[in-house]
Each structure stands twice: as structure tokens, then as C-alpha cells.
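Note sheet for the following structure.
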């Protein structure tokens with residue numbers, strides 16, 4: 001799984017280890033393919049292809065998330081990835097996903113359900129997610 005923070009000026013900014021994106025991916029049972037990068041940094045097209053993410057995670061309502069799955073997976077950075085083959089793009093509200101507050105368990109559960117749609121992930125009994 002790869003968290004994409006932004007796609008500005010043809011540069012893909014991703015969340016590596018010790019980032020809030022890396023933490024929520026781990027809480028949701030995912031594996032961050034950008035774990036060799038520290039924090040939020042650009043990742044080259046070649047590095048993305050070599051990392052072979054099976055899922056792309058982006059924030060909804062951010063500049064990067066204003067792309068459709070078709071647009072994202074047509075980009076050279078992503079077109080030959082397993083995520084493109086499966087059209088696996090997950091978009092979630094940024095504050096909900098990365099805010100690390102009282103709703104974090106819910107966000108991790110919702111991300112887990114999106115990563116593993118075939119699994120029977122039990123719901124948490126709390127307020128509704130945005």
C-alpha cells in the first residue's frame with residue numbers, strides 16, 4: 001500500500017516510515033511500501049513501480065485526491081502497478097484518516113475494511129465517520 005500526499009508538478013509525494021500515514025496503515029493491518037523513506041518525501045516513478053503497491057491511499061478533498069482512479073492509474077508512476085491492475089484506490093477524509101484523535105480506532109477499522117473488502121471486519125459501536 002502506498003499513501004500519496006500530493007501529485008503537484010509531476011512529483012509524487014508519499015508518506016514513508018514515521019509519518020502519520022505509515023502509522024494508520026500499520027494500525028489497519030496494511031504494509032507501507034514506502035517504508036524505506038523517512039517522513040513525507042517525493043518518490044520517483046521508478047521507485048513507485050519497483051515498490052509495486054497493491055493499493056493507493058489518498059486523502060479525499062485534497063489537491064491530490066481530485067484525480068479519478070482512471071486519471072491516477074493512467075499516470076506513468078502508477079500505470080504498471082498491481083494497484084492499477086486492480087483499480088485499487090482508497091480515498092478517505094484527511095482529518096479522519098490522519099488526525100489521530102478519538103476517532104482513530106474507527107478510521108483504522110474503516111481503512112482495514114477498504115484494504116481487505118473480502119474480510120468480515122466487525123464494525124465499532126461509536127459515532128459515524130465523516
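The values are calculated or read from the model by the stated rules, or taken from the named source; none is laboratory data. Because the structure is a prediction, the values reported are computed rather than measured. Heads up, the Cβs are rebuilt from the backbone with ideal geometry, glycines too, and the neighbour counts pull from every protein chain shown.
Observations on the structure shown:
- The stretch 118-128, residues that are under 19 Å from residue 26 (Cβ atoms) and either under 21 Å from the mean Cα position of the chain (by Cα) or at pLDDT 90 or above (or both): 119, 121
- Of all the criteria given as (1) within 17 Å of residue 6 (Cβ to Cβ); (2) in contact with a strand residue (DSSP E or B) (Cβ under 9 Å, 6 or more places away or on another chain); (3) not in a loop (DSSP other than H, G, I, E, B), the one not satisfied by residue 71 is (2).
- Residues within the stretch 90-108 that are touching a residue at least 60 places away in the same chain (Cβ under 8 Å), outside any helix (DSSP H, G or I) and surrounded by 20 or more Cβ atoms within 10 Å (Cβ to Cβ), tallied: 0
- Residue count for the stretch 1-39, restricted to those that are farther than 20 Å from residue 50 by Cα and surrounded by fewer than 20 Cβ atoms within 10 Å (Cβ to Cβ): 8
- Whichever residue in the stretch 110-123 is surrounded by 14 or more Cβ atoms within 10 Å (Cβ to Cβ) and in contact with a helix residue (DSSP H, G or I) (Cβ under 9 Å, 6 or more places away or on another chain) and, among such residues, is farthest from residue 40 (Cα to Cα): 121
- Some residue of the stretch 43-54 being surrounded by fewer than 16 Cβ atoms within 10 Å (Cβ to Cβ), in contact with a helix residue (DSSP H, G or I) (Cβ under 8 Å, 6 or more places away or on another chain) and without any contact (Cβ under 8 Å) to a residue 60 or more places away in the chain: yes
- Every residue from the stretch 48-68 that is in a loop (DSSP other than H, G, I, E, B), out of contact with any strand residue (DSSP E or B) (no Cβ under 8 Å at 6 or more places or on another chain) and at pLDDT 95 or above: 52, 54
- Matching residues, the stretch 23-44, being within 10 Å of the chain's Cα centre (by Cα) and within 21 Å of residue 84 (Cα to Cα): 25, 30, 32
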